[in-house]
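The values are calculated or read from the model by the stated rules, or taken from the named source; none is laboratory data. Source: prediction; values computed, not measured. Cβ placement follows ideal geometry from the backbone for every residue including glycine, while neighbour counts extend to all protein chains displayed.
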Amino acid sequence: MQYNQLGESDLKVSEICLGTMTYGRQNTIEEAHQQLDYSVAQGINFIDAAEMYPVPPSAETYGLTESYIGEWLKHQQRDKLIVATKIAGPGRGFKWLRGGAEAIERDNIKQAVDESLKRLQTDYIDLYQIHWPDRYVPRFGQTVFDPTQIKPSVPIVEQLEAFADIIQSGKIRYIGLSNETPWGVTQFSNVAKQLGLPKVVSIQNAYNLLNRVFDGALAEAVYHENIGLLAYSPLAFGFLTGKHLNGKKENTRVSLFENFGQRYFKPKVTEVVTAYVEVAKRHQLSPAQLALAFVRSRWFVASTIIGATTLEQLKENIESVNVVLDKEILAELDAVHAQSPNPAP
């Protein structure tokens, strides 16, 4: 396992991060703790959660993921682990989350942090992320910016000022973004530099062989601002393993939850996945390990977030750290991408 510096922080995160959004919905607390134990034994020091997890979110399961982690975390050597979580943002209509108070403003941030700390049973959070922007942005498969959708939002300076106070209190160490745009990245960075406020050290966005949108303007933004990508959905909801090529499989998120992963049910996805699976076969790799190794190979990726519902899946995913793609394989992947770029943005 290798470890990468996360932006301008002093956090050195494992190149694989354990994602936990299934804990409390598809995984029991015993299974969650088994995954956590195994991951740490393999050298993973980075655990990612969110206040709204597990997914799909609901009033009945809200906060369970952090609670499961907290029951495990209290028995660990805390300073050896990097724990990340997120505050949910506006636009999802979670009336059960802080009484429906969604804005990324001072009182909501303070309440969200305090409640996450309580569930996680820890005194501090290493990386605290804005799950999605306070302002309107296209997200989760939307690709067109519509100015008519713009509505009032909390100014970025006010968000950063609130985070500055909480960092000063010692409750969080660093802040990150998630599901952000190039404009958002540069605005957060510029405001922080101009006013001496906390600088964002990471961005957590979707990135995989079916969605390489990050390669363009976002890559330019994080390069100049020294921000690391925490790549989520590296297996595209499992589609890049090839398991959905013959229809939905039982006991997967796509089959269990209605309208889940719709960005991967688009024209060309099956054709492109088939091509990537063939590349994996030619080089005697599993499709999952090929897909994960590709994400890990990108210069802007600080850590690749993996999630699994079984220990067998988790083992295969973690073993992908031993796969290094040579120029020939990368060229084959680029050739597939050139034929059908970003079929599931």
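Looking at region 40-51, can you tell me whether even one residue there is of a type in the set (Asp, Glu), without any contact (Cβ under 8 Å) to a residue 24 or more places away in the chain and assigned to a loop (DSSP other than H, G, I, E, B)?
no
Report, by residue number, each residue of region 74-89 that is buried (at least 21 other Cβ atoms within 10 Å of the Cβ) and either of a type in the set (S, T, N, Q) or over 24 Å from Ser9 (Cβ atoms) (or both). Break it down stepwise before answering.
Going through region 74-89, the residues buried (at least 21 other Cβ atoms within 10 Å of the Cβ) turn out to be 82-89.
Within region 74-89, just Thr85 meets the criteria.
Would you check if there is a residue in region 12-22 being more than 23 Å from Val295 (Cα to Cα) and buried (at least 16 other Cβ atoms within 10 Å of the Cβ)?
The answer is no, given that none of the residues of region 12-22 is more than 23 Å from Val295 (Cα to Cα) and buried (at least 16 other Cβ atoms within 10 Å of the Cβ).
Could you run through region 60-103 and say how many residues are assigned to a loop (DSSP other than H, G, I, E, B) and under 19 Å from the mean Cα position of the chain (by Cα)?
Of region 60-103, the ones assigned to a loop (DSSP other than H, G, I, E, B) are 60-63, 74-77, 81, 88-97, 101-103.
Pick out the ones that are also under 19 Å from the mean Cα position of the chain (by Cα) and you get 62-63, 81, 88-92.
Qualifying residue count for the region: 8.
So which residues in region 293-333 are within 19 Å of Leu6 (Cβ to Cβ), touching a helix residue (DSSP H, G or I) at 6+ places or on another chain (Cβ under 8 Å) and surrounded by 18 or more Cβ atoms within 10 Å (Cβ to Cβ), if there are any at all?
Hits for region 293-333 are Arg296, Phe300, Val301, Thr304, Ile306, Val321.
With respect to Asp126, is the statement that it is farther than 26 Å from Gln262 by Cα, among the acidic types (Asp, Glu) and part of a strand (DSSP E or B) true? Reasoning before the result, please.
Numbers: farther than 26 Å from Gln262 by Cα: yes; among the acidic types (Asp, Glu): yes; part of a strand (DSSP E or B): yes.
Yes; evaluated as a whole, the condition is true for this residue.
Which numbered condition trips up Gln339, out of (1) under 15 Å from Asn208 (Cα atoms); (2) in contact (Cβ under 8 Å) with a residue 12 or more places away in the chain; (3) loosely packed, with under 15 Cβ neighbours inside 10 Å?
(1)
Just name the residue that is farthest from Leu120 (Cα to Cα) out of those in region 53-73 that are crowded, with 23+ Cβ neighbours inside 10 Å and either modelled with pLDDT under 95 or of a type in the set (Val, Ile, Thr) (or both).
Thr65
Check region 1-9 and report whether any residue there is crowded, with 19+ Cβ neighbours inside 10 Å and in contact with a Leu (Cβ under 7 Å, 6 or more places away or on another chain).
no
Kindly provide the set of residues from region 48-63 that are of a type in the set (A, V, I, L, M), out of contact with any Asp or Glu (no Cβ under 9 Å at 6 or more places or on another chain) and under 21 Å from Leu314 (Cβ atoms), ordered by number.
Val55
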